[in-house]
Amino acid sequence: MAKNEVNRALAAKKYIVMAEEGEQVLLDKAREQLGLDLKDAELIYTGVGAINIIQTLRDLDREAEIYNIGYAGSANFDLGTWVEVTEVRLNHPNVTYPEPELKLIDESLGAELPLDHDTVRAVCYTNCDFVLASDYKDCVFDMELAFIAALGFKHLHALKYVSDNLSLHAYHELTNGVE
């Protein structure tokens, strides 16, 4: 759905939010591999980056269910790992003050996504650019989730697919013996 079509979607109460149309393959993969069942949800493509996300989603009802499905990088999760995000933070590697931590899942309540299979649960760090290296482990890095969360949606869920490793050379050395 293009940004100018968002007004027609406002009547829906569930939205699948993805950065771009090319990610439709990822949605199909989530349905096939995890049994994700959101057939009654309206699909919205925001475009990449904070401004596109804010302009596209700002008029949606804050009570709507938002399902952000997208690609992410990781320093140590295997490629192809599905991650259900428990909280999101902005990633500013050169900033020393604490960043807000936005909870998506209360760990004591169990899974909130309608999935048939288990996923890894982890924190997601949102960036304004690609992350090429990080000391953070057991987490994922994306470019949109914190901006979606900052808009104040009360029912936000996120499912990320690890598509790249932050250090591909080191990853291949460890897993394939390639130097």
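Can you name the residue in region 97-116 that is modelled with pLDDT of 70 or more and loosely packed, with under 10 Cβ neighbours inside 10 Å and, of all such residues, is farthest from H155 (Cα to Cα)?
Y97
Counting only residues that are over 18 Å from C124 (Cβ atoms) and modelled with pLDDT of 90 or more, give me the strands (runs of 3 or more DSSP E) lying completely in region 1-81 with at least 3 of them.
Of the strands (runs of 3 or more DSSP E) lying wholly inside region 1-81, those with at least 3 residues that are over 18 Å from C124 (Cβ atoms) and modelled with pLDDT of 90 or more span 42-45.
Find the residue count for region 124-179, including only residues that are at pLDDT below 80, in contact with a helix residue (DSSP H, G or I) (Cβ under 8 Å, 6 or more places away or on another chain) and of a type outside the set (S, T, N, Q).
Going through region 124-179 one residue at a time, the tally reaches 2.
Find all pairs meeting these conditions: Cβ atoms under 8 angstrom apart; at least six residues apart or on different chains; first residue within region 55-69 and farther than 9 Å from K154 by Cβ and of a type in the set (S, T, Y); second residue part of a loop (DSSP other than H, G, I, E, B) and open to solvent by less than 10 Å² (accessible area, probe 1.4 Å).
T56/T46; Y67/L38
From the list L57, L26, L34, which one is over 25 Å from D129 (Cβ atoms), under 16 Å from the mean Cα position of the chain (by Cα) and not hydroxyl-bearing (S, T, Y)?
L34
Output the qualifying pairs, or none if there are none: Cβ atoms under 6 angstrom, residues six or more apart or on different chains, first residue in region 157-169 and under 18 Å from A30 (Cβ atoms) and assigned to a strand (DSSP E or B), second residue of a type in the set (V, I, T) and at pLDDT 70 or above.
Short answer, once both residue conditions are applied: A158/V85; L159/I69; K160/V83; K160/V140; V162/T81.
Pull up region 82-96, narrow it to residues that are open to solvent by 50 Å² or more (accessible area, probe 1.4 Å) and assigned to a strand (DSSP E or B), then point me to the one that is farthest from I66 (Cα to Cα).
L90
The values are calculated or read from the model by the stated rules, or taken from the named source; none is laboratory data. Since we're looking at a predicted model, the values are computed, not measured. Here the Cβ is made from the backbone with ideal geometry for all residues, glycine too, and neighbour counts use every protein chain on show. Ligands, DNA and RNA are stripped out before the accessible areas are found, and what is left, the full protein with its side chains, is counted by its heavy atoms. Shrake-Rupley method; radii C 1.70, N 1.55, O 1.52, S 1.80 Å.
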